[in-house]
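What follows is calculated from the coordinates using simple rules that are stated; it is not laboratory data. The structure presented is a predicted model; accordingly, all values stated were derived computationally and were not measured. Note that each Cβ is placed from the backbone with ideal geometry, even for glycine, and that neighbours are counted across all protein chains shown.
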């Protein structure tokens, strides 16, 4: 290359750097202005510098994502610079780092690179919050914590809890929609005993049941399976046979007032969509439905199965009367309160007020906001601000109800966006619902489940439901998470040495082929 060509190329590169510098400078100014407006709306409480810094970063991320960065990303990458695709935890610092390098390339004065500790501090803070809520790491722990839901048997079988903890569960969960306060107390005692035996802190999360719509009772004790075209009814009360004729299979609901809101054409999903139906007609408090989809073997109406009305807002308070009655017990036993069906800032304020009243002089527990509806997704930043201003907070992607409410086709997109938003807020995330469900219930995981478990590594905690094979599930999940730790941190790929295509000395263990040690 001649000197003239070299000089021409250098000039073109400098011109491109100046163009990008101007564009990124304008972007930063816009982000600052939008973020400032959000922070004014949020009215953050004074005095907590760490919380305000985190919410400032969240506001900056929300502002940044109001812009299509696509036109900037490829040109930035062509210059060997960050394309801002992994800036969630430190938005303005990431932009400043890009601007500082562009300034050098463009020969523009006045920019400095932010200290490296600024970028590292956010990651450290999030890790500390994860450990405080869901348990500290051990030598063999994956970076993502494992939460296990306890079955009813855990109240009277302490050895079961010991096995789950010994298998590697970092924290345990009790769902107050099931069992009784007396059973919860026995479970909690078994957890404390198991934790003491292992010398570990094993946090307990207790989910408030919330206004979960469920089947209360069914008119037949027979195991009737419904198929597409079959009809059944939802009613305020179970029917009585008339003149010896059997009434259609009928179920009652935990919230019978919902029946008044159903209209012909509405969709009703039962058991997370395993059984799907549409409303044919409504006669007072009795609603007739026809099954539209079911498994090949059919679906059953069973007491305690969840019911969803996609597209219908239930408009019920997230904190129910039963939840309020249970708060005293929950505060006695739990380290974390799982807030089911939270949707609005008003819901968060109601919970905090109720916790404050029930706690007295005791410190408030941490709260996990369970995101289960479209409204909760839309309000998530405001929910985090309202909760985080008063107590430690985390977010659960409750993918069962959420998938039903927003549509299964949107779930993968929304769960990604929730992960990004929470990293920007430096708030831990729990990846939940049907993780390794086949393994837990049947003893065999599907390929899709294994892949889902691997994707869950980007969250801070993964929740397993109960099942007869939960011990195998914990071992399998921890193995998958540890392997993925070599390759991924949040959105950032880790470019460690790969071994799959490297010839190895037979005497040297191959980390890609040898199973990870189990605890």
Requested in this report: Compute the long axis of helix 345-359 from its Cα atoms, compare it with the longest principal axis of the Cα atoms of the chain, and write down the angle in degrees, 0 to 90, nearest 10.
Outcome: 70 degrees
Query raised in the report: In the chain, how does Rg compare with the Kirkwood Rh, expressed as the Rg/Rh ratio over alpha carbon atoms?
Result: 1.03
Report summary line: Here the relative contact order (percent) of region 215-308, from C-alpha pairs under 8 Å and at least 6 apart, is 38 percent
**Report entry** Separation in nanometres of the label points that stand 7 Å from Cα toward Cβ, at residue 483 and residue 189
**Finding:** 4.2 nm
Query - Mean separation of Cα contacts under 8 Å, 6 or more apart, over the residue count of region 334-412: relative contact order % - result: 35 percent
Query raised in the report: Volume per residue, Å³, of the convex hull around the alpha-carbon atoms of region 293-411?
Result: 128 Å³
Query - Burial ranking of peptide ranges 91-101, 297-307, 453-463 (average Cβ count within 10 Å, highest at the top) - result: 453-463, 91-101, 297-307
Query - Separation of alpha-carbon centers, region 117-164 and region 48-93, rounded to whole Å - result: 29 Å
Query raised in the report: For region 215-308, what is the Kirkwood estimate of the hydrodynamic radius, computed as the reciprocal of the mean inverse distance between distinct Cα atoms, to one decimal in Å?
Result: 13.2 Å
**Report entry** For region 406-420 and region 288-365, distance of Cα centres in Å
**Finding:** 21 Å
Query raised in the report: Just for region 372-507, what percent of DSSP beta bridges are antiparallel, to the closest 5?
Result: 25 percent
Requested in this report: Count the DSSP beta bridges whose two residues both fall in the chain, then state the antiparallel fraction as a percent rounded to the nearest 5.
Outcome: 45 percent
Query raised in the report: Roughly what angle does helix 181-198 make with the longest principal axis of the chain, taking Cα atoms, 0 to 90 degrees, to the nearest 10?
Result: 40 degrees
**Report entry** Relative contact order of the chain, pairs being alpha-carbon contacts under 8 Å that are 6 or more residues apart, as %
**Finding:** 14 percent
Query raised in the report: By average Cβ neighbour count within 10 Å, what is the ranking of 33-41, 339-347 from highest down?
Result: 339-347, 33-41
Report summary line: In deg cm²/dmol, rounded to the nearest 500, the helical mean residue ellipticity at 222 nm of the chain, built from -39500 (n - 2.57) for every DSSP H run of length 4 or more, is -14500 deg cm²/dmol
Report task. Using a 10 Å cut-off on Cβ atoms, rank the peptides 203-214, 482-493, 134-145 from the highest mean neighbour count down. Result -> 203-214, 134-145, 482-493
Report summary line: Proxy exposure order for 150, 253 (fewest C-beta within 10 Å first) is 253, 150
Report task. Could you give the C-alpha radius of gyration of region 3-114 expressed as a fraction of 2.2 N^0.38 Å, taking N as the number of residues it contains? Result -> 1.23
Report task. For the chain, find the longest principal axis of its Cα atoms and tell me its angle to the long axis of helix 91-106, 0 to 90°, nearest 10. Result -> 20 degrees
